[in-house]
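Have a look at the structure below, then the notes.
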Amino acid sequence: MTSSVLRKSLVACLLNVSEARNKDVIERIARAAVCNSRGQKHPDTAVLNVFSNYDYNRSVLTIVSTSEQIGRSVVSSCVEGFTCIDHSRHDGVHPCLGSIDLVPIYPLSGVTLEQCGNIAKGIAEELVTQVPGCSLFLFGYADIPDMRSLADRRRSLGWFRKTLDVDTIEADIGLKPSGKYGVTGVGASPYVMNCNVTLDTQDLTSGKAIATAIRERTGGLKGVQAMAFPNKGQVEIACNVESFRDISENISELEAAKYISYNICEDTFFYTSPRHIEAEVQNLASCRGIKTVGAALVGFTPQECRITAEYAISHGIHEFWKKRKGVSM
């Protein structure tokens, strides 16, 4: 590891695009993050992972770069995605409101959340210039001063209902949503992981009940958002696992073991352990006579993402996802 990489401010974008079935399109979007239109490599940039789910018809690309470069790399990838994907033709079980559905910026090292918010706002402003007609909403540290969460913004826009009322939505940046582009969320927050647990059943009603039980908003696990989807003839509990700062200093050792901590710029963040999430789902499923058949982390933990980013960038492995061979479910 070179000392120059360790001194750099590293940022991640887990770009969510509403396409998984056309592998050529996903390849083009990933390559656009690391190369310009002339095939020249963007400096200090790598795509670490590409996760695609056929039933969801959704892909998540883990793009990492320095704080100085990440905006250009992400905009390049988004522009390619807007060109290739027609949201009006989308067909999949996962909610989405835009061809490029989500552009979240996360700090990895040497950069603050406030700086990530400025990066995200800059990406949004550049996108409406390069893609006339696109529509964007802001969340988290890009949504100053309101600081509305991604979940709240999505709820207000109908994301969880998979409906897009173009007549009522006012974009934060750009025009009213169109059928082709839909509306895209751009923002910044502490790192959010994706952890999925598969149930050996086709009973979606039970799956939804389990998702409700582990979701923080309905009294479940801290920092966990969960939904249940049919997937390959089974049911998947798909969890967003948010990082958070606040944790009680008076909790027991048993309670503390549920959380994993990491540090960025002298700030300490926590997240609920994926193993604990899997165990909770197993317990809830067992009460219904249902077995689980595995859990998968989509991409990386925050610590893994930073370490892998440092390695890929220091070794000039721009298309790291090809060496890792991606993850498909």
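Taking the Cα centre of the chain as origin and charging only Cβ (+1 Lys, Arg; -1 Asp, Glu), how large is the dipole, in debye to the nearest 20?
Dipole size: approximately 840 debye.
Using Cα pairs under 8 angstrom and six or more residues apart, how large is the relative contact order of the range 111-169, in percent?
25
For the range 1-78, with only Lys/Arg (+1) and Asp/Glu (-1) charged at the beta-carbon, what is the dipole magnitude about the Cα centre, in debye rounded to 20?
180
Among Leu113, Leu61, Leu254, whose mean-square fluctuation peaks in a Gaussian network model of the chain (Cα, cutoff 10 Å)?
Ranking Leu113, Leu61, Leu254 by mean-square fluctuation puts Leu254 first.
To the nearest 10 square angstrom, how much accessible area does Ile119 have with a 1.4 angstrom probe?
30
Most mobile of Cys265, Cys13, Cys78 per a Gaussian network model of the chain (Cα springs, under 10 Å)?
Greatest mean-square fluctuation among the candidates belongs to Cys265.
Given Lys258/Lys323; Lys41/Lys323; Lys23/Lys322, which pairs have Cα atoms separated by over 24 Å?
Violating the 24 Å limit, Cα to Cα: Lys258/Lys323.
For the chain, which span is the longest to avoid every loop-located (per DSSP) member of trypsin sites (Lys or Arg not before Pro) having at most 12 other Cβ atoms inside 10 Å?
So the longest stretch without any such site is 39-231.
Using a cut-off of 13 Å between beta-carbons, work out the net charge of the residues near Phe82 (Lys and Arg +1, Asp and Glu -1, Phe82 not included).
Taking every Cβ under 13 Å from that of Phe82, the sum is -3.
Which option, [x] 1.44; [y] 0.95; [z] 1.10, is the value of Cα Rg over 2.2 N^0.38 Å that was calculated from these coordinates?
[y]
Among Glu253, Glu216, Glu68, determine the one that fluctuates most according to a GNM of the chain built with springs between C-alpha atoms less than 10 Å apart.
Glu253
Each residue of the range 110-127 in order: what ³J(HN,Hα) in whole Hz does its phi give by Karplus 6.51 cos²θ - 1.76 cosθ + 1.60, θ = phi - 60°, with x for Gly and Pro?
Residue by residue, the range 110-127 yields x, 9, 8, 5, 5, 5, 5, x, 5, 4, 4, 4, x, 4, 4, 5, 6, 5 Hz.
At 222 nm, what helix-only mean residue ellipticity would the chain give, in deg cm²/dmol to the nearest 500, using -39500 (n - 2.57) for each DSSP H run of four or more?
-9500 deg cm²/dmol
If you average the sequence gap of Cα pairs under 8 Å that are 6 or more apart and divide by the length of the range 175-329, what percent do you get for the contact order?
Contact order relative to length: 26 percent.
The values are calculated or read from the model by the stated rules, or taken from the named source; none is laboratory data. Since the structure is predicted, the reported quantities are computational estimates derived from the model, not experimental observations. Positions of Cβ are generated from backbone atoms using ideal geometry, with glycine treated the same way; all protein chains shown enter the neighbour counts. We work out accessible area using only protein heavy atoms, side chains counted, and drop any ligands, DNA or RNA first. Shrake-Rupley method; radii C 1.70, N 1.55, O 1.52, S 1.80 Å.
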